[in-house]
1. Take the residues in the range 293-336 that are farther than 23 Å from Asp275 by Cβ and in a helix (DSSP H, G or I); name whichever of them is modelled with the lowest pLDDT.
2. How many residues are crowded, with 16+ Cβ neighbours inside 10 Å and among the small types (Gly, Ala, Ser) if we restrict to the range 161-179?
3. What number of residues within the range 51-93 are without any contact (Cβ under 8 Å) to a residue 24 or more places away in the chain and over 27 Å from Gln22 (Cβ atoms)?
4. Can you tell me which of (1) touching a Leu at 6+ places or on another chain (Cβ under 7 Å); (2) at pLDDT 80 or above; (3) of a type outside the set (D, E, K, R) is the one Thr274 doesn't meet?
5. Condition test on Leu89, is it buried (at least 16 other Cβ atoms within 10 Å of the Cβ), in the same structural domain as Ser144 (by TED's automatic domain parsing), of a type outside the set (Asp, Glu) and modelled with pLDDT of 90 or more?
6. If you take the residues of the range 207-229 that are at pLDDT below 80 and touching a helix residue (DSSP H, G or I) at 6+ places or on another chain (Cβ under 7 Å), which of them is nearest to Leu292 (Cα to Cα)?
7. Within the range 99-112, is even one residue surrounded by 17 or more Cβ atoms within 10 Å (Cβ to Cβ), over 35 Å from the mean Cα position of the chain (by Cα) and in a helix (DSSP H, G or I)?
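The values are calculated or read from the model by the stated rules, or taken from the named source; none is laboratory data. Source: prediction; values computed, not measured. Neighbour counts run over all protein chains shown; Cβ positions are idealised from the backbone, glycine included.
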Amino acid sequence: MALKQALHWIRPAPGSIAAQEQRAGRSPWLPMIHLVWSVWVFITPAFAGGVFGYSARYALITALSYPVFLALYTGSVFSAPRRAYACALGMVVLCMVLLRWYPSGLSYFVFGCVMLQPRRGRALLGYLGVLVVLNALLLGYALSIGYPWQALVWMPTVTAIVGVLVTVDRLNQERDAALRLSHDEVRRLASLAERERIGRDLHDLLGHTLSMVALKSDLAGRLVERDPAAARHEIDEVSRVAREALSQVRRAVSGIRAAGIAAELASARLLLETDGIAFEYRFEDGFSSGVLPAGVESALAMTVREAATNIQRHAQARRAEASFGMEDGEAVLRIADDGRGGAIVPGNGLCGMRERIEGLRGRLRIAAGAGGGTTLEARVPLAANDDAPA
């Protein structure tokens with residue numbers, strides 16, 4: 001119960017590693033899994049032997065130092081950057097203080113170096129400089145108190161490899177999170193711009209038309225007794241204006257439906273070009289997104305999204321291209337890239353894409369491109385989906 005209450009009071013500070021995990025939708029406690037590597041604290045004496053092997057002194061120092069190490073590691077995960085760096089340096093100092101009597105303290109040193117990893121806005125090169133300085137201090141001190149160089153030569157390599165791997169992984173996670181935010185922002189701005197366009201179009205269209213309908217209806221009401229023929233003419237005009245307004249509203253609704261494809265193309269371009277992949281798209285002659293049934297437009301837009309995500313994550317491409325066309329009464333979407341190609345392994349995204357297209361009586365084909373890379377082709381018949389819901 002006491003442990004549960006203590007864990008409840010540990011909250012991720014802004015800018016902490018735990019807070020970054022939380023923003024990514026993962027548990028803030030996920031970085032604590034790395035404590036499994038602290039098992040070397042308990043294994044090292046088996047290799048050291050002699051006075052540094054398992055003994056009462058080892059048991060006492062471990063009992064006193066390991067809880068301190070756990071507290072410092074937890075602080076480096078959950079604290080704001082300044083305090084987290086202090087906790088990481090605390091692990092390094094803990095190693096230095098105990099090293100004369102406690103070789104297992106070298107594990108504290110490795111953890112301290114890794115947790116000095118740069119946070120957002122910090123340079124990786126500066127971090128490598130810190131690792132060089134700390135390892136030089138450790139090696140100099142350990143050699144001065146009698147440690148053999150064979151027992152220390154692995155330390156700079158281990159701290160550099162583990163530290164850089166963890167740092168690069170975290171920087172990639174931050175970049176992916178920033179890309180997701182940018183992607184969401186593009187969709188939000190596209191939706192906002194479309195809502196504003198719809199509002200302007202409906203105001204211009206219906207405001208003028210309804211004013212005319214009201215005016216002619218009043219005029220017909222005044223003429224019905226004095227001049228029935230003129231009144232009938234005005235009523236016919238009201239009917240004509242209403243039908244014309246209905247046609248214009250239908251055209252406006254077709255334009256509204258096309259906004260999904262436009263938003264996804266803008267998002268795909270942002271996602272891929274941010275990752276260094278050139279993305280182009282074109283509409284072939286005869287293709288008009290305004291005449292697509294709502295369900296077909298939605299399915300093609302989602303296919304663009306899934307394909308762009310797969311290219312960014314897996315293709316290792318430099319260029320990608322999307323084209324929309326009409327062939328034999330079918331809406332056709334083709335997306336090609338010049339990436340590594342290879343065997344297509346079905347995943348959740350690909351299966352969902354195929355189910356969405358086949359649910360509209362369409363076909364999805366994914367194959368290796370003629371000159372390398374991957375080509376995706378989606379075909380959806382329009383006549384069979386006039387009433388397909390969005």
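1. It comes out as Ala294.
2. 1
3. So the answer is 10.
4. It fails just one condition, (2).
5. On the way: buried (at least 16 other Cβ atoms within 10 Å of the Cβ): yes; in the same structural domain as Ser144 (by TED's automatic domain parsing): yes; of a type outside the set (Asp, Glu): yes; modelled with pLDDT of 90 or more: yes.
Spelling it out, Leu89 is indeed buried (at least 16 other Cβ atoms within 10 Å of the Cβ), in the same structural domain as Ser144 (by TED's automatic domain parsing), of a type outside the set (Asp, Glu) and modelled with pLDDT of 90 or more.
6. Across the range 207-229, the extreme among qualifying residues is Thr209.
7. The first filter runs over the range 99-112 and keeps only residues surrounded by 17 or more Cβ atoms within 10 Å (Cβ to Cβ), leaving 99, 102-112.
Now drop any that are not over 35 Å from the mean Cα position of the chain (by Cα), which leaves 99, 102-106.
Now restrict to residues that are in a helix (DSSP H, G or I): 105-106.
Looking for residues that are surrounded by 17 or more Cβ atoms within 10 Å (Cβ to Cβ), over 35 Å from the mean Cα position of the chain (by Cα) and in a helix (DSSP H, G or I), one finds at least one in the range 99-112, hence yes.
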